[in-house]
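Presented below is the structure to which this report refers.
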Amino acid sequence: MEKIRKIIHVDMDAFYASVEQMDDPELMGKPVAVGGNRERGVVAAASYEARKYGVRSAMSGKLAALKCPHLIFAKPRFDRYKELSNQIRDIFFDYTDLVEPLSLDEAFLDVTENKVNNPSATLIAEEIRKRIREEVGLNASAGISYNKFLAKTASDINKPNGQAVILPKEAEAFLEKLAIEKFFGIGKVTAEKMKAIGIHNGYDLKQFSLQYLTKKFGKSGLHFYNIVRGIHSSEVQPNRLRKSLSAENTFDKDLTGEGQWIPALKDIFDELNRRIARTGVKGRTVTLKIKYLDFSLQTRSKTFEQFPEMEKIWDTVVDLLRQETLQKPVRLFGIGISNLNVELEQSHFGMQLWLDFDGESR
């Protein structure tokens, strides 16, 4: 009989903002946004006090200030976040070598076999969270289950500073009740598409055949069909070195003309900005990915001697778009960075290359 895996997903609570509050006690209990300012820029992270006012990551600083007039903006300190992330990762390695970081503030751990010979993943998660609090000074939440998807889903249930477990016998009943937008890997765009055809929760999703989901959502349809049944076979993968970071979106209708292309690219750029902020990576090469209505694919790239800031990346994306006139309607756009800051990546290996705009990594 195959042994049931025991997977923990550890997710730091409002990591960047919590670090700023820890390092500056005057910020404790106050609404804090990391990144951006009142006039421009994008929020990379928001404290829970700021979230009460509707401030979220990837939101413009100007809008965040309108939502919360007394919001405090803090400049990101990625070296500090990396330092603390390394301390947290060292704690993980006291329990298992099977650690897969997703970013500076979250990771999967496979503790099926572990260094402390503790058969209870729940108790290991409690101990890890306690050590993070005592040794680093920050709160973490955790989810425990038999696969990565369910562990990730569980870690959101009792946030902040809590944990939850989804047992194999509970998985399908739990997923049937789960709102569709709460499924890991189903973003806002896909959730809206699903709601439009009557899929509001896991139970609704379960009523659709694999054939229908594949026709409607492409290869993601198989993923959706499996996850609502608690099936997700991806293993915890340590030592994966990220080579690039990107975001992309496939459109419901093919886009024609800059009037449609620029707004679509801006949405994807904002998502990439959020992912860059979460991971702390920088890249010297900017790539624009274009898939046309006939499924032909084109990429355009530009490499800089220094790591460009986000504003420069956006300007480069627009330049690449205009580099040569697009002759056909566009089915998909993607924006990526590569030639990453290798030192950081050697410390924080993570997600694979191209990521769907609102889907799982592929």
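At a glance:
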item: 1.4 Å probe accessible area per residue over the stretch 154-222, in Å²; result: 57 Å²
item: Set of lysines with alpha-carbon distance to Lys30 below 29 Å, sequence-local pairs under 8 removed; result: Lys52, Lys62, Lys67, Lys75, Lys82, Lys130, Lys152, Lys159, Lys182, Lys188
item: Of Lys219/Lys266; Lys266/Lys289; Lys148/Lys206; Lys148/Lys193, pairs whose Cα-Cα distance is over 18 Å; result: Lys219/Lys266; Lys148/Lys206; Lys148/Lys193
item: Accessible area expressed per residue, the stretch 1-72, with surrounding protein chains retained (probe 1.4 Å, Å²); result: 50 Å²
item: FRET E, pair Phe93, Asn339, Förster distance 25 Å, beta-carbon r, rounded to 0.05; result: 0.30
item: Mean separation of Cα contacts under 8 Å, 6 or more apart, over the residue count of the stretch 106-179: relative contact order %; result: 21 percent
item: Rel. contact order, % - alpha carbon contacts under 8 angstrom, at least six apart, the chain; result: 17 percent
item: Full-stretch length increase - Gln207, Asp270 - with 0.36 nm per residue and alpha-carbon distance subtracted; result: 19.3 nm
item: Estimated [θ] at 222 nm from DSSP helical runs (n ≥ 4, -39500 (n - 2.57)) normalised by residues in the chain, nearest 500; result: -10500 deg cm²/dmol
item: Rounded to the nearest 20 debye, dipole of the chain from Cβ charges on Lys, Arg, Asp, Glu; result: 840 debye
item: Carbon plus sulfur fraction of accessible area for the chain, probe 1.4 Å, in percent; result: 50 percent
item: Among Ser85, Gly137, Thr316 the positive-end extreme of the charge dipole of the chain (Cβ point charges); result: Thr316
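The values are calculated or read from the model by the stated rules, or taken from the named source; none is laboratory data. It should be emphasised that the depicted structure is a prediction, and the values quoted were computed from it without experimental measurement. Counting neighbours? That spans all protein chains shown, and the Cβs are built from the backbone with ideal geometry, glycine included. Please note that ligands, DNA and RNA were not included when accessible areas were found on the heavy atoms of the full protein model with its side chains. Shrake-Rupley method; radii C 1.70, N 1.55, O 1.52, S 1.80 Å.
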